[in-house]
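The values are calculated or read from the model by the stated rules, or taken from the named source; none is laboratory data. Only a predicted model underlies this, so the values are computations on that prediction, with no experimental measurement involved. Here the Cβ positions follow ideal geometry from the backbone for every residue, glycine too, while neighbour counts run over all protein chains shown. Areas reflect the complete protein model, heavy atoms only, side chains present, ligands, DNA and RNA absent. Shrake-Rupley method; radii C 1.70, N 1.55, O 1.52, S 1.80 Å.
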Amino acid sequence: MPDKSILVIGTYDTKDAELSYMAEAIRRQGGTVVTMDVSVLGDPSQPADYSKHQVATAGGSSIETAIASGDENSAMQIMAKGAATLTAQLHDQGRFEGVIILGGTMGTDLALDVCAALPLGVPKYIVSTVAFSPLIPAERLAADTQMILWAGGLYGLNSVCKASLSQAAGAVLGAARAVQLPEREAPLIGMTSLGKSALRYMVDLKPALEERGFEVAVFHATGMGGRAFENLAAQGAFACVFDFCTQELGNHIHGSNISAGADRLTNAGKKGTPQLVAPGCYDLVDIVGWQPVPEKWAQHLRHDHNRLLTSIVLNHEERRAVARAHARQLETATAPVALFLPEDGLGEWDRRGADLCDPEGLQVFYDTLEQTCPDHVAQHRVKGHINDAVFTRNALAVFDDWCAKGVVKPVV
């Protein structure tokens with residue numbers, strides 16, 4: 001049986017040695033390689049399996065047009081569109097099982113588009129000089145993108161960058177061999193939450209939904225988790241969502257870089273997926289814990305969750321802004337939305353008697369929601385806390401009613 005084939009993408013005019021080294025490392029481990037050149041000006045030392053001309057044509061343009069633009073950004077956007085289109089076509093044809101893209105900022109920009117064009121489960125590796133960098137916005141990341149820092153690799157081969165490149169070659173080939181592609185036998189529900197110290201409803205909801213014949217994926221709503229959730233929602237992967245931690249929306253509108261993107265709380269609705277929503281931990285904005293607290297938050301109460309993450313407690317006007325943001329995002333929904341509003345708090349730290357409890361702030365938030373929420377959103381007051389059993393019962397009652405009425409349809 002032939003081994004896995006890896007698509008290797010990069011600018012072969014400037015990074016021929018590095019790309020060839022990585023391709024040879026894949027071959028040494030028993031894999032096969034398909035190459036794609038996304039250069040604009042120069043040519044590789046050996047012809048690539050898919051040339052820069054084929055890439056530009058796939059993007060509805062030509063190398064001549066890219067060169068004539070006289071601008072590297074415009075030229076690489078032509079190549080990015082072509083690379084993403086051609087890569088998706090090649091995957092549909094079964095030409096490769098994993099992809100690895102090499103680059104600096106230009107190559108990484110292109111790589112993000114390529115990865116976004118491929119379905120969940122196809123190994124996607126970006127070897128980048130800006131891996132993990134704040135240059136990369138959350139909304140550009142596919143749900144299962146992997147990044148490897150290309151250390152010492154700006155120009156030419158050396159012992160430092162060979163260590164990165166050889167590991168990357170092993171990683172993508174190993175992933176292609178080991179991956180269990182999603183072959184769902186049950187419709188999938190997407191759920192958002194934080195860890196159990198803050199939100200715990202998933203402990204009871206997950207088994208209850210599985211008993212009803214659904215698969216449940218719980219996403220950690222700390223920026224990247226919400227991004228993965230929105231990415232899959234946009235693909236129509238979910239039969240229904242239990243989006244009970246929307247805190248990333250507050251993070252985004254208040255300027256935190258712990259963001260899932262500007263489209264948080266929109267993609268399920270735009271795709272026509274029914275949504276059960278609760279604004280879990282709405283009163284907090286997360287910031288990077290190891291950085292100095294920004295001046296705008298200096299006088300706010302805060303909760304130091306760990307050395308990585310600090311949560312800022314919002315004042316009443318800031319909570320109103322979060323409520324209005326929820327209303328704006330839910331306005332775009334094209335399928336039923338049930339919005340649950342637990343009266344005793346939306347996170348363990350704001351439960352009655354807890355350190356961050358603010359009943360007046362919660363009421364301000366709910367009043368603003370009720371004033372601004374779209375008419376098509378059904379609001380459900382819950383006499384209890386979001387982590388109480390009564391909340392779980394209310395959510396399941398609405399879900400069961402939707403299932404009985406055919407609102408929730410199997411997506412397998």
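Points worth noting:
- Cα-only Debye scattering, segment 154-296: base-10 log of I(q)/I(0) at q = 0.17 Å⁻¹: -0.97
- Loop sites in segment 286-344: chymotrypsin sites (Phe, Trp or Tyr not before Pro), DSSP, at most 15 other Cβ within 10 Å: 290
- Per principal axis, descending, Cα span of segment 120-185 in whole Å: 47, 28, 12
- All-pairs alpha carbon distance profile, segment 294-350, 10 Å steps from 0, percent: 16, 40, 31, 12, 1
- Entry note, the chain: relative contact order of 11 percent, from Cα contacts under 8 Å with a spacing of 6+ residues.
- Heavy-atom accessible surface of the chain: percent carbon and sulfur, 1.4 Å: 52
- log₁₀ of I(q)/I(0) at q = 0.09, 0.13, 0.22 Å⁻¹ - segment 1-126, Debye sum with one point per alpha carbon: -0.22, -0.46, -1.33
- Counting all C-alpha pairs of segment 257-323, share separated by more than 14 Å (%): 67
- Computed from backbone phi with θ = phi - 60° and the Karplus coefficients 6.51, -1.76 and 1.60, the 3J(HN,Hα) list for segment 254-259 is 9, x, 6, 7, 8, 10 Hz; x is used for glycine and proline.
- Considering only the Cα atoms of segment 147-187, their convex hull presents on average a projected area of 4.0 nm².
- Cross-link partners for residue 52 among the lysines, with Cα-Cα distance under 19 Å and sequence neighbours closer than 8 places in the same chain left out: 15, 81.
- Computed from the C-alpha gyration tensor, the three semi-axes of the ellipsoid equivalent to the chain are 43, 24, 19 Å, from longest to shortest.
- Normalised per residue, the volume of the convex hull around the Cα set of segment 259-412 (Å³): 136
- Three principal axis lengths of segment 66-153 [C-alpha, angstrom, descending]: 36, 30, 24
- Helix 389-405 vs. the chain, principal-axis angle (Cα, 0 to 90°, nearest 10): 70
- Extension reserve of the residue 389-residue 352 stretch, reckoned as 0.36 nm per residue once the Cα distance is removed: 11.7 nm
- Rounded to the nearest 10 degrees, the inclination of helix 202-211 to the longest alpha-carbon principal axis of the chain is 80 degrees.
- Heavy atoms of the protein chains alone define the surface here; on that basis the chain has 43 Å² accessible area per residue at 1.4 Å probe size.
- Rounded tilt (10° steps) of 72-92 against the dominant C-alpha axis of the chain: 90
- Only Cα sites of segment 82-214 enter the Debye sum here, all with the same form factor; the resulting log10 I(q)/I(0) across q = 0.09, 0.19 1/Å is -0.37, -1.09, listed in q order.
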